[in-house]
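The values are calculated or read from the model by the stated rules, or taken from the named source; none is laboratory data. These figures come from a predicted structure and were not determined experimentally. Don't worry about glycine lacking a Cβ; one is built from the backbone with ideal geometry, like all the others, and counts go over all protein chains shown.
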Amino acid sequence: MNAFDYFFEHTSSLEKDFVIGPRQSISYKELYDQSLKFAVYLNNKVGKNQNILLLVPNSVFFIIAYLGILKSGNVIVPLNPETEQSNLDFIQNKCQSNVTITTSFIANKLNFRTNFIINEKFLEDTIFNSNTDQKSLNDDSTEAEQLAEIIFTSGSTGQPKGVMISHKNLIANTGSIVEYLCLSEKDTMLVVLPFYYCYGLSLLHTHLRAGGSIVLNNMFIMLGGVINDLKRFNCTGFAGVPTHFQILLRKSESFKNTDFPHLTYVTQAGGKLHNVFISEFITSFPKIKFNVMYGQTEATARLSWLPPGCLPEKLGSCGKAIPGVTIKVADENGNDVKPGETGEILAYGDNIMTGYYHDPEATNQTLKNGWLHTGDLATVDNEGFIYLTARKKEIIKVGGRRVSPKEIEDVIMSIPEVIDCSIEGIDDEILGETMKATVIIKEKAELTADEIKAWCATRLVAYKIPQFIEIQDKITISATGKKIKK
């Protein structure tokens, strides 16, 4: 079954608005029809099983393009619209993409390997106003294991890894999330998470399936706008990474003093939120259900959740497996650890990725006998609740976004005066985790922290620039010759 048909199984003819808001809106019926038109166009123009890049901010344009690619039997490669040229070049070469969907602004800013670029005006003029025959797509032959999308995440080698998600993966994870959150047509979600991120995509998928609505807000930095949207559009749900909750609770002067009569629940994933912030939220909003969740892109989105009723007793836990997923915390031999012991989180289910794109070595290291080895360390208590303790992998999560230390080190190491660079994650009150760079420079070289940040700013997006930089002129090494990190 094509995931598109699953999402619209009960909602394709609804006149109700799926996207609501002051800037954009579209009904279920319009969204279904326009996405189908685009799917027919893609089939006629490029066929099937082609990797199609999608670089578009959260918008109706993104949603139509995303769903159209999905229905057409092609493969979506959603990317950060603010991605660096070097990352784009790597992914374009990896995927051999001949079609790109993006805005006119982004198309003029980046260099694409193909001239076949579909922008918002082309979509509207050429496709929406055309009389296309949709019958050719009525008989769907999509296999469950067919590739639906490739989501690139930062890898420990510094090069992005393409997580392959099938139609079955999307259907399984969407169904699980709708079930445990009890989503329905009465739900309206305020979306501040980008759709190129699996957490953001899960909001799109689940509310389409449930018959709910979403409100798009691409300016979280404007906290007043977020608070106003929650109230103005009677939002029942809000989803965020740790940074979102920390900023709302500590940076906003009005959030905790505002009454949200329609907001019934919030969800938090994308990294561990410090217990003090969870306690602060549930104390400030005792009637709003706080759902702690844990997942990975390699699991389509979600692996576990902590029911709100378990707080504050199970504070610090990421809960238990969601419906349809099996989770265990295992030692190096794959055996379940005893309560209090530390092991790696392993997961099994229909939501687990099919592998990394064109990377069999990484796939074999991560998928073993069908089990996803998450690389995250945890303990369990006597009732089976999971508590994250650390990450085996080197990836640093800054505001819920995964950053490879090696990528940053490579940029700083390209400065002529630099001898060595080490990036480490450190606790941050707002971001949960931020980066510190320890930079070794040549003797008598003159290089300041501000100059290093300026260098990074021309080569990296803002969240990848280290907040703290310590400059030294000596490197500490072990007896084996390896540099010693704190």
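Looking at ILE465 and the list (1) at pLDDT below 80; (2) surrounded by 17 or more Cβ atoms within 10 Å (Cβ to Cβ); (3) of a type in the set (A, V, I, L, M), which single condition is not satisfied?
Looking at each condition in turn, ILE465 falls short on (1).
Give, as residue ranges, the strands (runs of 3 or more DSSP E) completely inside the stretch 401-478 that count at least 3 residues that are under 28 Å from TYR199 (Cα atoms), without any contact (Cβ under 8 Å) to a residue 60 or more places away in the chain and out of contact with any Pro (no Cβ under 7 Å at 6 or more places or on another chain).
The strands (runs of 3 or more DSSP E) meeting that bar are 418-428.
Being part of a helix (DSSP H, G or I), under 30 Å from PHE8 (Cβ atoms) and touching a strand residue (DSSP E or B) at 6+ places or on another chain (Cβ under 7 Å) is the filter here; which residues of the stretch 227-261 pass it?
The answer is ASP229, LEU230.
I need the helices (runs of 4 or more DSSP H) fully contained in the stretch 2-120, keeping only those with at least 2 residues that are charged (D, E, K, R) and farther than 16 Å from ILE150 by Cβ.
By residue number, 28-46.
If you take the residues in the stretch 240-261 that are of a type in the set (Ser, Thr, Tyr) and at pLDDT 90 or above, which one is nearest to GLY400 (Cα to Cα)?
SER254
Scan the stretch 185-201 for residues that are closer than 27 Å to ILE352 by Cβ and either assigned to a helix (DSSP H, G or I) or out of contact with any strand residue (DSSP E or B) (no Cβ under 8 Å at 6 or more places or on another chain) (or both) and jot them down.
PRO194, CYS198, TYR199, GLY200, LEU201, listed by residue number.
If you take the residues in the stretch 387-421 that are surrounded by fewer than 21 Cβ atoms within 10 Å (Cβ to Cβ) and hydroxyl-bearing (Ser, Thr, Tyr), which one is nearest to ILE469 (Cα to Cα)?
If we take residues in the stretch 387-421 being surrounded by fewer than 21 Cβ atoms within 10 Å (Cβ to Cβ) and hydroxyl-bearing (Ser, Thr, Tyr), then SER414 is nearest to ILE469 (Cα to Cα).
What is the one condition in (1) touching a residue at least 60 places away in the same chain (Cβ under 8 Å); (2) part of a strand (DSSP E or B) that LEU204 does not satisfy?
(2) is the only condition that LEU204 fails.
Scan the stretch 243-263 and report the pairs whose first residue is basic (Lys, Arg) and whose second residue is assigned to a loop (DSSP other than H, G, I, E, B), with Cβ atoms within less than 9 Å and a gap of 6+ or a chain change.
Note: pairs meeting the criteria are ARG250/GLU429; ARG250/ILE430; LYS251/ILE430; LYS256/PHE285.
Does any residue in the stretch 50-62 that is hydroxyl-bearing (Ser, Thr, Tyr) come within less than 7 Å, Cβ to Cβ, of a residue that is not in a loop (DSSP other than H, G, I, E, B) six or more places away or on a different chain, and which pairs are these?
SER59/LEU216
Quick test for you: out of GLU429, GLU383, GLU451, pick the one residue that is over 30 Å from LYS251 (Cβ atoms) and not assigned by TED's automatic domain parsing to the domain that holds CYS310.
After ruling out the rest, the residue left standing is GLU383.
From the list PRO78, PRO57, which one is closer than 29 Å to ARG402 by Cβ and buried (at least 22 other Cβ atoms within 10 Å of the Cβ)?
The unique qualifying residue is PRO78.
Within the stretch 298-316, identify whether any single residue is buried (at least 18 other Cβ atoms within 10 Å of the Cβ), under 21 Å from the mean Cα position of the chain (by Cα) and polar (S, T, N, Q), and answer yes or no.
Yes, some residue in the stretch 298-316 is buried (at least 18 other Cβ atoms within 10 Å of the Cβ), under 21 Å from the mean Cα position of the chain (by Cα) and polar (S, T, N, Q).
Of the residues in the stretch 39-53, how many are out of contact with any Leu (no Cβ under 7 Å at 6 or more places or on another chain) and either surrounded by 23 or more Cβ atoms within 10 Å (Cβ to Cβ) or acidic (Asp, Glu) (or both)?
Here the count works out to 2.
Can you tell me how many residues in the stretch 286-305 are farther than 27 Å from LYS368 by Cα, assigned to a loop (DSSP other than H, G, I, E, B) and not β-branched (Val, Ile, Thr)?
The total comes to 2.
Tell me, yes or no, whether the stretch 356-365 has at least one residue that is outside the structural domain of ILE177 (by TED's automatic domain parsing), under 22 Å from the mean Cα position of the chain (by Cα), closer than 29 Å to GLY240 by Cβ and not in a strand (DSSP E or B).
no
Looking at the stretch 42-57, is at least one residue of a type in the set (Gly, Ala, Ser) and at pLDDT below 95?
yes
Which one of these is touching a Gly at 6+ places or on another chain (Cβ under 6 Å) and either surrounded by 19 or more Cβ atoms within 10 Å (Cβ to Cβ) or of a type in the set (S, T, N, Q) (or both): GLY324, GLY270?
GLY270
Every residue in the stretch 364-376 that is surrounded by fewer than 17 Cβ atoms within 10 Å (Cβ to Cβ) and either of a type in the set (S, T, N, Q) or modelled with pLDDT under 90 (or both), please.
ASN364, GLN365, ASN369
Kindly establish whether GLU280 is under 30 Å from SER166 (Cα atoms) and assigned to a helix (DSSP H, G or I).
Judged against the criteria, GLU280 is not a match.
Looking at the stretch 328-343, can you tell me whether even one residue there is outside the structural domain of PRO466 (by TED's automatic domain parsing) and touching a helix residue (DSSP H, G or I) at 6+ places or on another chain (Cβ under 8 Å)?
no
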